[in-house]
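Asker: Can you keep this structure in mind? I'll have questions shortly.
The values are calculated or read from the model by the stated rules, or taken from the named source; none is laboratory data. These numbers come from a predicted model, not from an experiment. Every residue, glycine among them, receives a Cβ derived from its backbone with ideal geometry; neighbour counts consider all protein chains shown. Just so you know, the surface numbers come from the protein's heavy atoms only, side chains and all, with ligands and any DNA or RNA stripped out. Shrake-Rupley method; radii C 1.70, N 1.55, O 1.52, S 1.80 Å.
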Amino acid sequence: MRSRITVIVCLISFTFAHVAPATVFINEVLINPPGSSNDDTREFVEIVGTPGKKLDGYAFAMINGGQRKHYPLGTMDCALLNSIGEGTPEIDEFFSLDGLQIGPNGILVLGIGPSGAYPTLLADSNFRRWTTLWQSNPGDPHGKLSNDGSNTLLLIRNRPGDTQATGDNGDVRWGKDRVHVDSELTTPVDTTICIGGSNNGSPCQDSSVCVGGGSCGAGQADLLGDGNVDKGEPNGLAAPCGPNSVDLKGASTPGDESDDLEIVDEISYEHDQGWEYDFDARHVDLGSTTSGLPYRHVHALDDPQGINPDALSRVDYRTKGPGWPPAPGATGEMTNGNNWQDTATEQWIRGESAATTATCPPPGGNPAPPFYYDNCTNTNPASIQPFLTNVPLWLNDGSGVDYNFAAQNTYEIMAGRVNPLAVPFIPGDADRDGACNAADIAKIAVFFGDNDWVFSNSFSESAQGDGGDPAGQIRPWDVDLSGDHGIEPTDLQWALNFQGNTDGRIVGQRYDSTTPSATGVHLNPNTGVTVAVTASAASGCGRPISALFIGDVVDVTVSAQVTAGANLLAGQENGVMQFAHDVAVSSGGVLELVGVTPINGFNTTRAAIQSPQGTSGELGVKLVNGYTTAFNRGLTSADAMYRVSFRAVAAGTTNVSISAAAEPKFAASTPGGVKIGHTRNLQSLGSFNIATISYGDPESTTYPAAIGITVTPGLHGDVNGDTLVNLSDVPLFVNVLLGTDTNPAHVAASDLNCDAAVNGRDIEGMIDAILP
């Protein structure tokens, strides 16, 4: 008998070009509070991300550089750096974020002082005093952020070398006081220098630098560095300028990324003519003729002249779109001539800070909060904007509707609250285009089930060559709180819950006031919510599953219903939205897998991770997964989610069982095997009994008993029941075809195409069964 049974398993993978930015980023930094000693008690770093997200493996770093990059021609000697007050560029502060997590409202604040030093801090914003964090350099405890020099603020993860988890093994490649170098010496370079006077030959930006009667004009100077941290293998000059460097992805370990650091977010700024240190290969405003606007990297703030920022407040975080128009006379590196979408200059309010006062300049002393951005006039003649605070042009249209420069005390620097003018952060908005929609769901589905990934901020030395367009980069957007940085149902559930939402808020959480939000996404407690998973099996040929023929296809249909705690309120429905199951067959050799089909409006999340077990799926299939965008499935009755089809291949008895997916990351993310909408819950982690939040898990889930399936020796076309299909079956088949034989067994064996009728459509099947 020639068998026409074919098992086809489709493993489909997708590739999207859209960027997937991090779901955690630096949001606000107060570097130099007003007052003579407030640096010791009021500095803070604010990190924003998906509520509850664990930050194991993450760290915040502040890289400090020199206050200048040009030196009089022929005078640059690295040995003189310390003697002229420059110091050695280094990682000024390094805070391990292991064990911390984003607050319920999406905010984590790290402060140098106790929580009471930050009166704007909300209870829903998690807080940690950074002096209590793990220290990779115990000899120099955590202290104040560097106010002078050129600074780069980094949020990193997966760093190489010593970590809080590994302890002190003498392998500090990233940590406090870790020396880095930007030591390329270029000479001569054309620049502006003081001509005459006591500073003759010193680089200048205006004649105020040229004391003693000198003037600022064209000349040549030495240039130390190129604005990039030296990475990987030693680079540049000899000690004391080199060969120190930091270990970065693909730089010191090409081809081996097991220990490679990843940059999640970065922002940098110059001090006078110093270098900011940027890890990105992209640039903005190339060829600009705007006064005071230097050549700079994509994450660097423009140099506003006369400002060494006391504070930075992010007001937008976008990495998708047509980009930002460049400055007058400049071009951007995007193909449309615009600057890159994530240009730092277009995201931040930054400037000097002031205490409560209506005067310019503000008085001295050591004031207590509140602190505001300083709206006094910037007297530097080369300043880009005329105030001691700079804002993106789209916030300064002259109307004062957004940012108001007409008076002091118009924009408070607030730890632990959403920035008033900020574009909302929306959990699950994987492409950061300002909305959770089908594109975000598709983005998450592509990498659903992946353990981790490598990405970069597009620096040219990346082993993957992730340089250039950010739309082509790969970045992490693992949004759940499992801490393993993989993509599982909890990550997808954020995007499902926030479909269509534009304010990013969870109803009941405090964000920028003491009144809980009345608008946003409802995430109700899961108390008392039970989901029952049920299953049924049927043969397409109508035979009972206790008496199948060899060749019969049996469909196992899996359904789910919220049997307790169902919520039918509009916008709060907690219907079944996801499943992640293992379908097991207890005995091999009886059935083989035909395929898995989502039904009734459910979609397969990622077919590639559905893994047939045994030969041709004879033992079932792991990680059957899928989702729906509807919130009301299974609220009033059992709702079918998917169907697993098996073909009977040999006589025997076996059991088919359905259970929650057992793979560790799925078991941690979705212990019940299903996710429901608009729900959150508290759970404990083992013996540590650490309260943590998980989203979309019902309080309990029940599963059906195993389904018994028996396959008889019966064959399609074996009309006479002798366990063979040959010419001796033809006369009986013809009698059934003509209607003269109505014996049920003969009729069942003659229905070769399983359409519940014996007619001419079965003749071809009979011929195929007989042919050798």
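Asker: If you check 585, 590, 576, 556, which single one turns out to be under 31 Å from the mean Cα position of the chain (by Cα) and modelled with pLDDT of 95 or more?
Answerer: Selected residue: 576, the only one of 585, 590, 576, 556 that is under 31 Å from the mean Cα position of the chain (by Cα) and modelled with pLDDT of 95 or more.
Asker: Among the residues that make up region 200-219, is at least one of them of a type in the set (Asp, Glu), in contact (Cβ under 8 Å) with a residue 60 or more places away in the chain, crowded, with 17+ Cβ neighbours inside 10 Å and farther than 30 Å from residue 162 by Cα?
Answerer: So far as region 200-219 goes, no, none of its residues is of a type in the set (Asp, Glu), in contact (Cβ under 8 Å) with a residue 60 or more places away in the chain, crowded, with 17+ Cβ neighbours inside 10 Å and farther than 30 Å from residue 162 by Cα.
Asker: Just wondering, is there one or more residues in region 360-367 that are open to solvent by 10 Å² or more (accessible area, probe 1.4 Å) and without any contact (Cβ under 8 Å) to a residue 40 or more places away in the chain? Break it down stepwise before answering.
Answerer: As a first pass, look at region 360-367 and keep what is open to solvent by 10 Å² or more (accessible area, probe 1.4 Å): 360-367.
Those still in the list that are without any contact (Cβ under 8 Å) to a residue 40 or more places away in the chain too: 361, 363.
Taking every residue of region 360-367 in turn, at least one turns out to be open to solvent by 10 Å² or more (accessible area, probe 1.4 Å) and without any contact (Cβ under 8 Å) to a residue 40 or more places away in the chain.
Asker: If you don't mind, another one. Determine the pairs where a residue that is of a type in the set (A, V, I, L, M), located within region 513-526, has a partner that is not in a loop (DSSP other than H, G, I, E, B) with Cβ atoms under 6 Å apart, the partner being 6 or more residues away or on another chain.
Answerer: Listed by first residue and then by second, the contacts come to 521/497; 521/506; 523/506; 523/680.
Asker: Residue check: is residue 721 over 30 Å from residue 638 (Cα atoms), open to solvent by less than 40 Å² (accessible area, probe 1.4 Å), among the small types (Gly, Ala, Ser) and not in a helix (DSSP H, G or I)?
Answerer: no
Asker: Just the residues that are of a type in the set (Val, Ile, Thr), closer than 19 Å to residue 337 by Cβ and either at pLDDT 85 or above or in contact with a Ser or Thr (Cβ under 6 Å, 6 or more places away or on another chain) (or both), please, taken from region 264-315.
Answerer: 284, 298
Asker: If I ask for residues that are touching a residue at least 60 places away in the same chain (Cβ under 8 Å) and either in contact with a Pro (Cβ under 9 Å, 6 or more places away or on another chain) or buried (at least 17 other Cβ atoms within 10 Å of the Cβ) (or both), which ones from region 165-179 would you list?
Answerer: Within region 165-179, 173, 174, 175, 176, 178, 179 meet the criteria.
Asker: Scan region 180-199 for residues that are in contact (Cβ under 8 Å) with a residue 40 or more places away in the chain, in a strand (DSSP E or B) and surrounded by 18 or more Cβ atoms within 10 Å (Cβ to Cβ) and jot them down.
Answerer: Within region 180-199, 191, 193 meet the criteria.
Asker: When region 388-440 is examined, which residues are found to be under 17 Å from the mean Cα position of the chain (by Cα), open to solvent by less than 50 Å² (accessible area, probe 1.4 Å) and farther than 20 Å from residue 51 by Cβ?
Answerer: Hit for region 388-440 is 439, nothing else.
Asker: Let me ask something else. Residues that are without any contact (Cβ under 8 Å) to a residue 60 or more places away in the chain, at least 2 per element: which strands (runs of 3 or more DSSP E) completely within region 601-676 meet that?
Answerer: Of the strands (runs of 3 or more DSSP E) lying wholly inside region 601-676, those with at least 2 residues that are without any contact (Cβ under 8 Å) to a residue 60 or more places away in the chain span 611-613, 620-627.
Asker: Let me ask another. Would you pick out the residues in region 493-508 that are within 17 Å of the chain's Cα centre (by Cα) and either part of a loop (DSSP other than H, G, I, E, B) or of a type in the set (Gly, Ala, Ser) (or both)?
Answerer: 495, 498, 504, listed by residue number.
Asker: Got at least one residue in region 559-582 being assigned to a strand (DSSP E or B) and among the hydroxyl-bearing types (Ser, Thr, Tyr)?
Answerer: There is at least one residue in region 559-582 that is assigned to a strand (DSSP E or B) and among the hydroxyl-bearing types (Ser, Thr, Tyr).
Asker: Quickly run through region 149-179 and pick out the residues that are assigned to a loop (DSSP other than H, G, I, E, B) and touching a strand residue (DSSP E or B) at 6+ places or on another chain (Cβ under 8 Å).
Answerer: The first filter runs over region 149-179 and keeps only residues assigned to a loop (DSSP other than H, G, I, E, B), leaving 149-150, 158-178.
Matches in region 149-179: 149, 150, 158, 159, 163, 164, 173, 174, 175, 176, 177, 178.
Asker: Shifting gears a bit: Can you name the condition, by its number, that residue 372 falls short on among (1) outside any loop (DSSP other than H, G, I, E, B); (2) more than 25 Å from residue 116 (Cα to Cα)?
Answerer: Every condition holds for residue 372 apart from (2).
Asker: How many residues, within region 108-163, are surrounded by fewer than 19 Cβ atoms within 10 Å (Cβ to Cβ) and of a type in the set (A, V, I, L, M, F, W, C)?
Answerer: Qualifying residue count for the region: 1.
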